[in-house]
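Participant: Let me begin by handing over the structure; questions about it come next.
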Amino acid sequence: MNDPYDSTPTVDLRKDIETLETHAKIRKSTLLIIFVLSALLFLFVFYQNRPQPGSVTVGTVEGQYSGLIWVAKARGDFEYNSVYVDIKTCKTTDQCINWVNSGTIDIAVVDDYALTTRISRSKDLRAFASVGQFESTEIIYDFKKGYGSLPEIENLEVGLTSDSLSEYWFYQAVMDLGYDISDYEIVETDPYDISHSMSIGEIIAGVTWNPLAYDVKNELSHKITSENLQHGEKNYWLLVSNKEYLDTNHELAGRFLNALLNAENYIKTNPTESKQIMADSSHLDYEYMDDIWRKSNFELILSNEIVNQINYQLSWRNANKLSEDNIQLRSSEIVYTSVIENVKPHGLLGVSTSAELEEL
């Protein structure tokens with residue numbers, strides 16, 4: 001019961017509680033608004049600074065040569081670097097280079113000799129990285145007719161493709177034995193027709209590269225024997241584009257290489273999974289990938305050895321009357337260094353940097 005004579009003011013606690021709850025709600029709402037605005041600001045800054053997505057069209061022949069690209073695509077490394085890659089299959093490396101020159105593709109994956117055969121006619125072509133070194137060229141003999149070595153097929157028909165690895169390594173093997181190329185009857189042969197040409201007796205032996213050599217050996221297994229013509233020597237397989245494209249799309253090309261660098265690191269630590277990705281992506285047998293693995297090196301570099309190799313091949317072609325171009329090219333006329341030096345500086349081996357080339 002309230003004392004009527006008590007003068008102590010009455011305190012309404014309910015109003016105080018309501019006031020406190022209201023203040024708490026305001027504080028929560030304010031903090032929530034600050035958090036949302038901060039998140040929106042972060043996303044705005046993130047997307048402002050994030051590279052704009054770009055598309056790259058790459059041309060490559062069948063085989064393991066684009067292994068870094070297949071692995072990067074399968075793992076999502078390109079998407080992570082905001083690059084969308086479309087891969088087109090060329091019948092030959094020469095077709096790949098034609099597609100670069102015509103603008104059908106942005107980048108071609110070709111061997112060093114393919115670049116050599118075209119670089120004097122397509123002066124804007126540049127190699128801006130090597131995606132691997134491979135030993136892949138074989139000669140296949142008609143063993144059923146008793147042939148199994150180069151001396152045994154002297155003066156007989158040998159099928160190969162001019163301006164290709166089959167031409168280069170066959171000529172090298174012949175000269176190493178002390179023979180002359182005129183000691184053989186060279187038959188210009190489509191690399192996909194070696195098996196057919198041997199079956200109908202048009203050629204006694206055929207020279208081609210893997211996986212085409214692997215396919216021929218499977219098709220004619222009971223009739224043939226084969227020999228590796230490279231004997232431990234490897235060709236560089238190069239990313240080639242036009243200098244104008246690289247100048248205009250320098251940052252995009254860098255992100256493309258960064259994705260390949262991620263793939264390179266993955267291949268080093270996950271060879272079994274990488275073989276399977278390459279086999280699945282390029283429609284090759286896993287057994288084939290397993291067989292050629294020890295002859296393959298998937299590494300992103302740009303070395304002075306590539307420059308020396310191409311200049312040697314230019315001189316060699318002229319000496320063997322395969323070309324009238326008696327030239328030697330400067331490093332800056334063969335390679336484009338500034339993309340890889342920004343992505344993988346230690347991958348630039350013995351080649352002048354872009355700054356050094358500008359001073360020359």
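The values are calculated or read from the model by the stated rules, or taken from the named source; none is laboratory data. The model shown is predicted, which means the values in this text are computed figures rather than measured ones. When we count neighbours, we look across all protein chains shown, and the Cβ atoms used for this are built from the backbone with ideal geometry, even at glycine.
Participant: Quick check: anything in the range 304-316 in a loop (DSSP other than H, G, I, E, B), assigned by TED's automatic domain parsing to the domain that holds Tyr113 and either basic (Lys, Arg) or buried (at least 18 other Cβ atoms within 10 Å of the Cβ) (or both)?
Facilitator: Looking for residues that are in a loop (DSSP other than H, G, I, E, B), assigned by TED's automatic domain parsing to the domain that holds Tyr113 and either basic (Lys, Arg) or buried (at least 18 other Cβ atoms within 10 Å of the Cβ) (or both), one finds none in the range 304-316, hence no.
One line per residue, one yes/no per condition, for (1) at pLDDT 95 or above; (2) among the hydroxyl-bearing types (Ser, Thr, Tyr); (3) assigned by TED's automatic domain parsing to the domain that holds Asp247; (4) closer than 30 Å to Lys88 by Cβ:
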site	(1), (2), (3), (4)
Asp285	no, no, yes, yes
Asp291	no, no, yes, yes
Asn318	no, no, yes, no
Glu324	no, no, yes, no
Arg330	no, no, yes, no
Val335	yes, no, yes, yes
Gly350	no, no, yes, no
Ser354	no, yes, yes, yes
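Participant: Can you list residue pairs whose Cβ atoms sit under 6 Å apart, with the first residue in the range 90-102 being outside any helix (DSSP H, G or I) and the second being at pLDDT 95 or above? Count only pairs 6 or more apart in sequence or on different chains.
Facilitator: Correct list of pairs: Cys90/Gly59; Cys90/Cys96.
Participant: For Val131, work out the one condition from (1) assigned to a helix (DSSP H, G or I); (2) more than 29 Å from Met175 (Cα to Cα) it doesn't fulfil.
Facilitator: (1)
Participant: Taking the range 206-247 as the region of interest, how many residues are in contact with a strand residue (DSSP E or B) (Cβ under 9 Å, 6 or more places away or on another chain) and either among the polar types (S, T, N, Q) or outside any helix (DSSP H, G or I) (or both)?
Facilitator: Selection size over the range 206-247: 23.
Participant: While we're looking at this one, here's another question. Right, Ser296: surrounded by fewer than 18 Cβ atoms within 10 Å (Cβ to Cβ), in contact (Cβ under 8 Å) with a residue 60 or more places away in the chain, under 21 Å from Gly67 (Cα atoms) and under 17 Å from the mean Cα position of the chain (by Cα) or not?
Facilitator: Details: surrounded by fewer than 18 Cβ atoms within 10 Å (Cβ to Cβ): no; in contact (Cβ under 8 Å) with a residue 60 or more places away in the chain: yes; under 21 Å from Gly67 (Cα atoms): yes; under 17 Å from the mean Cα position of the chain (by Cα): yes.
Judged against the criteria, Ser296 is not a match.
Each row is one residue, and each column tells you yes or no for (1) at pLDDT below 95; (2) over 23 Å from Thr248 (Cβ atoms); (3) in the same structural domain as Glu244 (by TED's automatic domain parsing).
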| site | (1), (2), (3) |
| --- | --- |
| Val61 | yes, yes, yes |
| Lys73 | no, yes, yes |
| Glu79 | no, no, yes |
| Tyr84 | no, no, yes |
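Participant: Oh, and also: Take the conditions under 30 Å from Leu329 (Cα atoms), among the aromatic types (Phe, Trp, Tyr) and in contact (Cβ under 8 Å) with a residue 12 or more places away in the chain and apply them to Tyr168. Does it pass?
Facilitator: yes
Participant: Moving on. Right, Val158: modelled with pLDDT of 95 or more, in a strand (DSSP E or B), of a type in the set (A, V, I, L, M) and crowded, with 24+ Cβ neighbours inside 10 Å or not?
Facilitator: No; evaluated as a whole, the condition is false for this residue.
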